[in-house]
There are 2 protein chains.
Amino acid sequence: MISQQSDSLPASSNVIGEEYPCINPDLGVTFRFLAPGAARVQVMPGTMPRPGESNGLGQGPYEMRKDEQGYWTVTTPPAVPGFHYYSLLVDGVAVNDPASETFFGYSKQTSAVEVPEPGSTYYSPQPVPHGEVREHWYYLKATSAWRKATVYTPPGYDQHPAQRYPVLYLQHGGGENETSWTKQGHANFILDNLIAAGQTVPMLVVMECGSTGQRRLPTLRAPAQSSFQEFMQQIVASFDSLIEELAPEIDASYRTLADREHRALAGLSMGAVQSLNVGLKRLDLFSAIGAFSGPAPEELDAQRTFGGVFADPETFNRRVHLLFLAAGTGEPVHEQFNRNFADWLEKIGIHVAYYASPDTAHEWQTWRRSLRDFTPRLFHW
Amino acid sequence: MISQQSDSLPASSNVIGEEYPCINPDLGVTFRFLAPGAARVQVMPGTMPRPGESNGLGQGPYEMRKDEQGYWTVTTPPAVPGFHYYSLLVDGVAVNDPASETFFGYSKQTSAVEVPEPGSTYYSPQPVPHGEVREHWYYLKATSAWRKATVYTPPGYDQHPAQRYPVLYLQHGGGENETSWTKQGHANFILDNLIAAGQTVPMLVVMECGSTGQRRLPTLRAPAQSSFQEFMQQIVASFDSLIEELAPEIDASYRTLADREHRALAGLSMGAVQSLNVGLKRLDLFSAIGAFSGPAPEELDAQRTFGGVFADPETFNRRVHLLFLAAGTGEPVHEQFNRNFADWLEKIGIHVAYYASPDTAHEWQTWRRSLRDFTPRLFHW
């Protein structure tokens with residue numbers, strides 16, 4: 001058995017007690033897998049919506065080599081800090097790494113490796129008061145079924161039963177679900193730390209699966225252009241009908257400030273599409289909107305884009321307290337679009353905030369940083 | 001592609017939208033897996049602590065057959081209703097089924113299939129008020145690390161901020177963790193339904209990983225006899241130090257009734273070992289103890305077993321309001337032991353309650369039923 005380098009550390013995304021995958025000092029990742037009977041094993045980084053882009057683990061696949069005991073190993077080049085999905089290809093069949101925890105991505109439970117960002121503590125548990133992550137079960141009439149939302153309650157929620165809180169609705173990406181913003185994104189720790197530092201006001205965060213269908217959603221991976229529009233329409237309609245039932249359910253179940261001034265909506269990738277399309281249409285519900293790593297809308301035309309909501313900048317700027325766009329510089333197509341979109345909005349007189357995450361791709365480090373930049377701006381109006 | 005039988009239903013343990021595994025009318029399970037490149041694929045039911053016993057899916061492995069598209073399928077004989085772990089063996093390598101949700105078992109994220117019990121509604125969400133399942137993050141000094149407990153709060157907990165509640169500490173089995181009693185066991189739905197029916201008093205349920213070590217615990221699978229004693233000592237010492245910190249943490253964080261009269265401890269399999277060994281020693285903390293499918297202690301001797309706690313039956317019966325043992329008739333070794341243990345306790349004058357789950361094995365249907373039988377008995381003293 002190959003023994004771990006003494007200065008390497010098991011990834012925090014591993015099952016407790018598993019030494020591999022481990023992170024080397026240069027941020028290369030060493031993977032190991034026991035499969036004496038396999039003829040070929042490879043590590044395959046999670047694929048990206050844009051061909052040629054990497055999720056931070058590089059392009060792969062990486063060929064593993066087998067030792068006498070049947071352990072396959074490989075070490076990648078230095079990885080970009082962040083949270084990177086991957087699969088093992090065992091004789092060409094994509095499977096999970098049993099040493100990894102699983103995370104809902106690509107519409108299934110998927111392996112991932114956490115490559116730590118040197119010096120960053122904002123998304124890990126620190127010695128500060130912690131909020132809770134709750135499974136909230138409710139009956140959704142649109143699907144005639146019981147389902148659960150994930151609800152973050154801030155520190156002190158139980159201890160101050162007279163206090164009411166603003167609410168951020170926060171949506172995952174394509175192929176993910178209501179568990180992703182906390183499991184993959186560590187949204188609860190990001191909020192805990194920002195609230196403790198006095199940078200973000202205590203708020204509830206509601207995370208739901210962005211589909212009201214019984215069927216899972218398709219992912220955003222390389223859809224054909226014709227089905228892409230259909231996909232967009234489907235996910236927007238789906239979230240539109242979800243929020244119609246979800247917001248009253250949350251207001252009835254938690255001590256919310258139940259008005260548009262205290263309700264924000266944000267999402268990443270597919271969730272950014274939902275946030276822009278549904279949020280900008282439902283300004284009766286929301287007064288702040290965030291879109292992290294969203295794809296491009298069809299056109300930029302003040303009279304037509306998003307139903308013409310930008311046609312009267314003065315009215316828009318009075319009603320919408322925050323419109324926030326973000327992308328990583330390691331996802332150049334998304335970054336270019338979002339920057340263009342922000343520039344165009346400014347040009348036509350719409351107030352917009354823009355955040356670019358240095359060096360990170362279409363993955364969770366971009367969205368953790370976006371959340372860190374976004375939430376301190378909320379609910380000061 | 002083989003199409004699903006029209007009267008078959010996708011397992012509720014599947015990823016949403018996945019049609020396979022599906023449950024046929026005779027409770028046989030049809031599995032399907034896409035692997036055009038594999039030479040051999042088998043379905044392997046989760047192994048049991050006693051050789052020759054089945055978890056309800058039968059012995060396996062079941063050979064799958066490949067069609068022209070590369071889909072492998074097989075249908076098992078009728079399965080016993082319950083929650084059954086399984087793996088796919090791809091050219092001999094055990095992997096998860098991507099169509100299944102994952103559940104922490106065998107010290108990793110594992111596939112499982114839910115075979116419904118005809119007519120049973122007690123462990124699924126019903127139109128009744130629902131409690132919440134919360135991630136409670138706290139710092140455990142014994143490990144110098146942040147970790148999370150799972151806490152069930154009963155319906156109405158937030159709405160009645162002056163009410164205080166009794167607490168059941170509920171432990172998982174070997175190779176499982178703090179998520180298992182709700183994810184695999186549906187403990188939250190069992191409590192919701194019993195509380196709604198007025199059969200169980202509203203209570204908090206605290207579920208933690210039964211190890212304070214940084215390393216995961218070994219499983220109970222076929223340990224060598226010498227290491228078995230060591231294993232027992234380790235898990236008992238581990239839980240002993242955990243509960244020392246966990247109980248005050250819970251009492252400080254939730255509105256508990258913080259005395260022994262309102263604190264119960266129960267567990268399954270490995271958790272039964274912890275419940276009996278720690279609970280019977282810590283009668284200052286607990287007044288009710290449940291052991292579901294526990295293994296046999298070394299000897300039955302009133303002066304020596306569990307530190308001689310049974311030596312004075314009158315004192316014991318006055319202090320311990322409930323001692324509860326359970327096992328499934330489909331796990332004959334465990335059932336025989338627990339029945340003998342209960343018989344012996346009665347013979348020496350110790351009050352004990354015994355529950356036998358008909359036809360179920362060393363798996364979650366036994367433990368769901370045990371919990372259903374156990375909790376209505378709690379906290380009426």
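Structural remarks
- From the C-alpha gyration tensor of the range B:132-377, square roots of 5λ in Å: 26, 21, 19
- By the Cα gyration tensor, the protein assembly as shown has an equivalent ellipsoid whose semi-axes, rounded to whole angstrom, run 44, 32, 25 from largest to smallest.
- Here the accessible area is traced with a 1.4 Å probe on the protein chains. For the protein assembly as shown, carbon and sulfur cover 53 percent of it.
- Percent antiparallel among DSSP beta bridges (both partners in the protein assembly as shown, rounded to 5): 65 percent
- Residue A:315 sits with roughly 50 Å² accessible to a 1.4 Å probe, with DNA, RNA and ligands left out of the calculation.
- Selection from B:264, B:252, B:277, by position along the positive dipole direction of the range B:233-328 (Cβ): B:264
- Accessible area buried at the A-B interface, both sides summed, 1.4 Å probe (Å², nearest 100): 3600 Å²
- Placing +1 on the Cβ of every Lys and Arg and -1 on the Cβ of every Asp and Glu, with nothing else charged, gives the protein assembly as shown a dipole about its Cα centre of roughly 580 debye.
- For the segment A:130-141, counting C-beta atoms of other chains within 10 Å of every residue's C-beta and taking the mean gives 5.
- The solvent-accessible area of residue A:108, taken with every protein chain present and a 1.4 Å probe, is close to 50 Å².
- The mean sequence separation of alpha-carbon pairs under 8 Å and at least six residues apart, normalised by the residue count of the range B:9-115, gives a relative contact order of 30 percent.
- Chain B: relative contact order in percent, alpha carbon pairs under 8 Å with at least 6 residues between: 13 percent
- Each Lys and Arg adds +1 at its Cβ and each Asp and Glu adds -1 at its Cβ; summed about the Cα centre, the range A:253-381 shows a dipole of about 500 debye.
- A point 7 Å from Cα along Cα→Cβ stands in for residue B:158, and the other copies hold the same point at 1.3 nm, listed in rising order.
- Put a plus charge on the Cβ of each Lys and Arg, a minus charge on the Cβ of each Asp and Glu, and nothing anywhere else: the dipole of chain B about its Cα centre is then about 560 debye.
- Derived scalar couplings between HN and Hα for the range A:318-327 equal 6, 7, 9, 6, 8, 10, 10, 10, 8, 6 Hz in order, rounded to whole Hz, by the Karplus curve 6.51 cos²θ - 1.76 cosθ + 1.60 (θ = phi - 60°), x for Gly and Pro.
- Of the residues A:194, A:84, A:99, the one whose Cα sits farthest towards the positive end of the charge dipole of chain A is A:194 (charges of +1 on Lys and Arg Cβ, -1 on Asp and Glu Cβ, taken about the Cα centre).
- Over the range A:132-195, the Kirkwood radius and the radius of gyration, each from Cα atoms, give a ratio Rg/Rh of 1.00.
- Helical contribution to [θ] at 222 nm, DSSP H n ≥ 4, -39,500 (n - 2.57), averaged over the protein assembly as shown, rounded to 500: -7000 deg cm²/dmol
- For residue A:237, inter-copy label distances in nm, listed shortest first [label point 7 Å out on the Cα-Cβ vector]: 6.3
- Surface exposure of the range A:255-325, expressed per residue as accessible area with a 1.4 Å probe, stands at 35 Å².
- Over the range A:109-168, Cα pairs under 8 Å with separation of 6+ residues give a relative contact order of 26 percent.
- Candidate residues B:209, B:22: accessible-area rank, largest first, probe 1.4 Å: B:209, B:22
- In this assembly of identical copies, the label point of residue B:201 (Cα plus 7 Å along Cα-to-Cβ) is separated from its counterparts by 4.2 nm, sorted shortest first.
- Annotation: amide H of residue A:264 within the under-5 Å range of A:167, A:168, A:169, sequence separation 5 or more or interchain, hydrogens built in the peptide plane.
- Each peptide among B:153-161, A:327-335 gets the average number of other Cβ atoms lying within 10 Å of its residues, and from highest to lowest they stand as A:327-335, B:153-161.
The values are calculated or read from the model by the stated rules, or taken from the named source; none is laboratory data. These figures come from a predicted structure and were not determined experimentally. In this analysis, Cβ positions are derived from the backbone assuming ideal geometry, glycine residues included, and neighbour counts consider all displayed protein chains. Side chains are part of the model used for accessible areas, which takes the heavy atoms of the whole protein and leaves out ligands, DNA and RNA. Shrake-Rupley method; radii C 1.70, N 1.55, O 1.52, S 1.80 Å.
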